[in-house]
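Let me begin by presenting the structure, written as structure tokens, before commenting on it.
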Amino acid sequence: MTITDIIKNATKEAITSLYGESPSQPITINETRKDFVGDFTVVTFPFTKLAKKKPDEIGEELGKKLTEEVDQVTGYNVIKGFLNLEIADSYWSNFLQSVNELTDYGQLPPTGEKVMVEFSSPNTNKPLHLGHIRNILLGWSCAQILEAAGNEVVKVQIINDRGIAICKSMLAWKKFGEGETPESSGIKGDFLVGKYYVLFQTKLNEEYAEWQSTDTADTLYTEKAKEGQSKEAFFKAYEKKYFNEYSDLGKETKALLLQWEAGDEDARALWEKMNSWVYSGFGTTYESLGVSFDKLYYESNTYLLGKDFIDDGLSKGTFYKKEDGSVWIDLEDAKLDHKLVLRSDGTSVYMTQDIGTAELRYKDFGTKKMVYVVGDEQNYHFKVLFEIMKRIGAPYADGLYHLSYGMIDLPTGKMKSREGTVVDADDLVAEVIQEARNSSTERGDLDHISEEERSEIYKKIGLAAIKYFILKVNPQKRMVFNPQESVDLQGDTGPYIQNAFVRIKSVLQKAGQSSFPLATEYTSLESVERELITILHKFPEVIQAAADHYDPSLIASFNFDLAKSYHKFYHDCKIITAETPEAKDFRLLLSSNVSKVLEKSMLLLGIEMPNRM
RNA sequence: GGCUUUGUAGCUCAACUGGAUAGAGUCCCUGACUACGAAUCAGGAGGUUGCAGGUUCGAAUCCUGCCAAAGUCACCA
């Protein structure tokens with residue numbers, strides 16, 4: 001039982017015995033704010049009705065009783081109805097000892113649950129960019145957090161490796177590529193394919209521009225344009241129709257897609273070749289970010305799945321068929337719309353695939369919980385998907401969760417691929433590492449070690465900066481990505497936290513001890529020391545909260561609090577040259593355990609600690 | 001237009017899900033290295049929590065109405 005539970009229970013009992021009635025609401029207990037004396041605060045307002053007394057009086061009576069009856073409570077004060085309880089130093093130092101004895105403090109007991117986390121899930125027609133990075137970091141971090149919370153975790157992605165977009169880059173390469181390969185050009189595979197995707201768009205634009213001066217186009221404009229609509233605006237809006245109905249490139253692309261779907265050998269071979277380039281490129285990016293997956297799903301294998309459920313649902317009346325043969329589901333009673341699940345030609349849509357894929361995954365892993373890390377533009381899609389899964393009776397339907405995150409904006413505005421403002425993942429990673437190298441070189445602390453070791457450290461620092469910068473923001477919120485701030489090494493940043501760790505490593509090394517005697521004689525704690533221990537104390541509940549809410553930003557701010565507190569402690573208290581041997585032992589023990597927790601909790605964000613920096 | 005989300009210091013973010021005087025970082029001032037690592041610490045300045053009502057002991061948080069931004073309302077993915 002935790003100390004907060006002890007206090008809660010004791011409060012409940014005390015209220016009952018004092019006022020003859022058990023409180024109906026759950027007891028709220030908070031950490032005491034820094035400007036007041038005490039560790040935990042009981043809010044007495046909710047008891048006023050029951051006790052028929054003023055909050056202050058209740059606070060006094062309750063405080064007295066709790067001090068008498070709970071060993072750990074040594075004193076109290078009441079301010080405006082808030083009862084601040086002081087916890088014995090011995091409780092905190094005993095607690096520190098117990099953390100010290102654990103090798104895996106923070107690891108929560110097994111839940112017996114298996115959770116799947118899907119993240120990244122890119123298209124294979126262009127390189128990964130900043131948006132993917134947020135997705136990847138969130139997914140990876142969530143997986144770590146869920147694991148720490150006692151779950152077995154399976155990390156997967158579904159790769160969007162087929163479809164019209166992929167065919168565009170394939171066609172462009174076929175027509176204009178002249179056999180170019182990553183080897184022949186020296187261009188990283190995913191960038192090379194991306195180059196042809198862009199080229200396709202350029203060629204299409206040219207073709208479209210030319211077409212706009214034909215008679216057909218003219219007639220169309222005069223007939224269909226809205227009043228006052230300029231030629232430019234009209235054709236801009238007409239682009240998709242043009243692609244589908246008039247464009248030669250469009251026709252060829254669609255033909256290629258049909259060939260691919262029919263299993264045409266050449267089409268498949270080209271597809272496999274170009275995809276393999278992309279995968280090798282992605283592999284490099286994932287490696288540089290330090291992430292990996294347990295299983296990859298490919299849309300080319302899953303895009304036909306899900307139809308069985310539609311048939312089954314049709315016979316049960318979950319779905320209905322329109323006259324044209326298309327199949328729909330009516331979700332109006334769930335405040336959603338009617339949604340198409342099968343086209344009139346019998347082919348499936350995105351939704352259908354997702355139904356099938358969920359089922360496939362359940363068969364593969366038996367996971368009753370699945371987390372989809374996907375941008376918030378698909379909120380509605382997942383609402384609908386989850387509702388459908390419920391209605392077709394999937395046994396895991398209640399365990400589906402959409403970890404939705406906001407788009408990333410640049411200080412200059414939205415990222416737009418068309419305007420070339422997209423930040424490439426690889427460039428960004430290289431940049432932050434370079435930045436770490438620059439500052440470190442300026443400092444000169446690492447001059448005496450090998451370049452190889454240094455590079456490792458720069459990489460850790462740079463990645464810490466970028467990862468922490470992104471993960472500290474609540475996923476739900478849109479965030480502004482300022483490149484300059486993302487490589488900051490001071491203040492509320494990853495490197496600041498690493499620095500606390502490095503300082504500890506340095507002190508421990510200088511102290512020359514590998515283990516620390518139990519410092520039971522050290523009985524009167526400095527306030528910074530107590531604060532540090534109370535933060536350590538919170539670690540398990542922070543992990544639990546982060547897992548419950550699928551929110552790494554809680555872990556990030558925990559890390560910052562701990563590091564900040566340690567920096568202050570380090571500044572205020574002498575460790576090796578402490579006043580007494582007991583103080584020295586205690587502080588070494590404290591430092592050692594802070595470093596242990598820092599390291600573990602940064603790993604929950606996918607951030608590694610250097611031993612020096 | 002309907003629905004969903006967001007709006008907090010100049011800027012980037014918090015606020016334990018209804019609790020005390022709304023906190024950090026950054027920026028701008030000011031102090032602390034012959035110190036266990038100054039990527040640090042301490043102090044100052046900076047706020048009508050988008051606006052207006054309501055609910056109650058108590059609201060950034062819940063309710064209503066506006067305002068602003070974003071997303072979505074495809075036989076696209």
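The values are calculated or read from the model by the stated rules, or taken from the named source; none is laboratory data. The shown structure was predicted, so the numbers you read here are calculated from the model rather than taken from an experiment. Positions of Cβ are generated from backbone atoms using ideal geometry, with glycine treated the same way; all protein chains shown enter the neighbour counts. Surface accessibility is based on the protein's heavy atoms, side chains included, excluding ligands, DNA and RNA. Shrake-Rupley method; radii C 1.70, N 1.55, O 1.52, S 1.80 Å.
Just a yes or no: is a residue in the range A:185-198 farther than 15 Å from A:Lys126 by Cβ, more than 16 Å from RNA strand B (Cβ to nearest atom) and over 35 Å from the mean Cα position of the chain (by Cα)?
Yes.
Does any residue in the range A:414-428 that is part of a loop (DSSP other than H, G, I, E, B) come within less than 8 Å, Cβ to Cβ, of a residue that is aromatic (Phe, Trp, Tyr) and within 15 Å of RNA strand B (Cβ to nearest atom) six or more places away or on a different chain, and which pairs are these?
A:Val423/A:Phe481
From the residues in the range A:1-25 that are more than 16 Å from A:Asp39 (Cα to Cα) and either in contact with a Ser or Thr (Cβ under 6 Å, 6 or more places away or on another chain) or assigned to a loop (DSSP other than H, G, I, E, B) (or both), which one is modelled with the highest pLDDT?
Out of the qualifying residues, it is A:Thr16.
Quickly run through the range A:145-184 and pick out the residues that are within 16 Å of RNA strand B (Cβ to nearest atom), open to solvent by 30 Å² or more (accessible area, probe 1.4 Å) and part of a helix (DSSP H, G or I).
Across the range A:145-184, the qualifying residues are A:Ile164, A:Lys168.
Filter the range A:71-127 for residues that are basic (Lys, Arg) and in a loop (DSSP other than H, G, I, E, B); which is farthest from RNA strand B (Cβ to nearest atom)?
A:Lys126
With the checklist (1) modelled with pLDDT of 95 or more; (2) open to solvent by 50 Å² or more (accessible area, probe 1.4 Å) in hand, flag the one item A:Lys467 doesn't pass.
(2)
What are the residue pairs meeting all of these: first residue in the range A:210-236, first residue over 14 Å from A:Ser247 (Cα atoms) and open to solvent by less than 80 Å² (accessible area, probe 1.4 Å), second residue in a helix (DSSP H, G or I) and of a type in the set (A, V, I, L, M), Cβ atoms under 9 Å, and 6 or more apart or on different chains?
Listed by first residue and then by second, the contacts come to A:Ala225/A:Ala233; A:Gln229/A:Ala237; A:Phe234/A:Leu220.
Looking only at residues that are open to solvent by 60 Å² or more (accessible area, probe 1.4 Å) and in contact with a Lys or Arg (Cβ under 9 Å, 6 or more places away or on another chain) in the range A:295-315, which one is farthest from RNA strand B (Cβ to nearest atom)?
A:Lys295
Over 30 Å from A:Val374 (Cβ atoms), more than 10 Å from RNA strand B (Cβ to nearest atom) and not aromatic (Phe, Trp, Tyr) - does that describe any residue in the range A:422-435?
Yes.
Return the only residue of A:Arg530, A:Arg454 being outside any loop (DSSP other than H, G, I, E, B), more than 8 Å from RNA strand B (Cβ to nearest atom) and in contact with a strand residue (DSSP E or B) (Cβ under 9 Å, 6 or more places away or on another chain). Let's see the steps before the verdict.
Working: A:Arg454 fails: in contact with a strand residue (DSSP E or B) (Cβ under 9 Å, 6 or more places away or on another chain).
Result of the check over A:Arg530, A:Arg454: A:Arg530.
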